[in-house]
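Notes follow once the structure below has been shown.
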Amino acid sequence: MYLQHMFGLLYHPKSEWDSIKRENHTLGHIYLTHLLFLAAIPPFALLVGTTQFGWSFVGKEFYYLSMESALPLAFGFYGALLVGIFLLAYSVFWMEKTFGAEASLERCLLFTTFMSTPMFLSGLIAIVPILWLDVFVVLAAVGYTIYLMYAGVPIFMNIPEERGFIFATSILTVGLCLLVGLMAMTVIAWSVGFAPQIVGN
């Protein structure tokens, strides 16, 4: 079912959002069947890419991370993604009544999960950790995620498109704040001894 929705969002997002909004799931079911697997893609790909294939800025010199330093970072990144998606879903749940929508926290989590799927899947490119290529792929995924959000909010939340546009913009703002918070936590983690250790090139 999830794969069907995922491909549907790629080819006909508006009608697929209409189909997704009819489904009912618990928080646990969403995590167990969707999020636990999706959120593992970027950390796992980064772990493999940076320890086995090396990191490169232009595709010439490759730098490797030690497994001892990369493993805690991967687990930390995984946990941050799971928490971040929940916080974003809770923010949507908290804001919805302001825009005239009524959806449960479970439905808000379902929405943010499907909306973020392109970004999770784009994490696969980290297996080939060449900076310019990764940035290009991730930016394309971010662009499509934003499109899915703006297309999906009015449909999923049953509100007019004008109100949906403002709601989606608010969600985008919260998402950017969460990203800045994640970056700040990363800097703090690195400063207290969790910085990646380069083992050679």
Quick one: in segment 34-51, which of the residues that are in contact with a strand residue (DSSP E or B) (Cβ under 8 Å, 6 or more places away or on another chain) and not small (Gly, Ala, Ser) is surrounded by the fewest Cβ atoms within 10 Å (Cβ to Cβ)? 51
Considering only residues that are closer than 21 Å to residue 30 by Cα and among the aromatic types (Phe, Trp, Tyr), which ones fall in segment 53-105? 75, 77, 78, 86, 90, 93, 94
When segment 155-183 is checked residue by residue, the ones that are hydrophobic (A, V, I, L, M, F, W, C) and under 17 Å from the mean Cα position of the chain (by Cα) are 168, 171, 172, 174, 176, 177, 178, 179, 180, 182, 183
Residues in segment 141-150: is at least one among the hydrophobic types (A, V, I, L, M, F, W, C) and at pLDDT below 90? no
Members of segment 1-37 that are touching a Gly at 6+ places or on another chain (Cβ under 9 Å) and modelled with pLDDT of 80 or more: 13, 14, 15, 16, 17, 19, 20, 21
Enumeration of residues in segment 8-31 that are farther than 20 Å from residue 150 by Cβ and either touching a Cys at 6+ places or on another chain (Cβ under 8 Å) or among the hydrophobic types (A, V, I, L, M, F, W, C) (or both): 27, 30
Failed item in (1) under 18 Å from residue 37 (Cα atoms); (2) in contact with a Ser or Thr (Cβ under 6 Å, 6 or more places away or on another chain), with residue 70 passing the rest: (1)
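So that you can scan it fast, the table gives a plain yes or no per residue for (1) in contact with a Pro (Cβ under 6 Å, 6 or more places away or on another chain); (2) touching a residue at least 40 places away in the same chain (Cβ under 8 Å):
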residue	(1), (2)
65	yes, yes
76	no, yes
88	no, yes
94	no, no
Could you list, in sequence order, the residues of segment 8-56 that are over 22 Å from residue 134 (Cα atoms), part of a helix (DSSP H, G or I) and free of Cβ contacts under 8 Å to residues at least 40 places away in the same chain? 8, 11, 15, 16, 19, 28, 29, 32, 33
Would segment 66-87 turn up any residue that is in a helix (DSSP H, G or I), within 16 Å of residue 116 (Cβ to Cβ) and touching a Cys at 6+ places or on another chain (Cβ under 8 Å)? no
Answer with yes or no whether residue 12 is closer than 16 Å to residue 114 by Cβ, surrounded by 13 or more Cβ atoms within 10 Å (Cβ to Cβ) and more than 19 Å from the chain's Cα centre (by Cα). no
Scanning segment 81-104 residue by residue, the ones that are surrounded by fewer than 21 Cβ atoms within 10 Å (Cβ to Cβ) and modelled with pLDDT of 90 or more total 10
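The values are calculated or read from the model by the stated rules, or taken from the named source; none is laboratory data. Treat the numbers as computed from the prediction; the structure is a model and nothing was measured. Neighbour counts run over all protein chains shown; Cβ positions are idealised from the backbone, glycine included.
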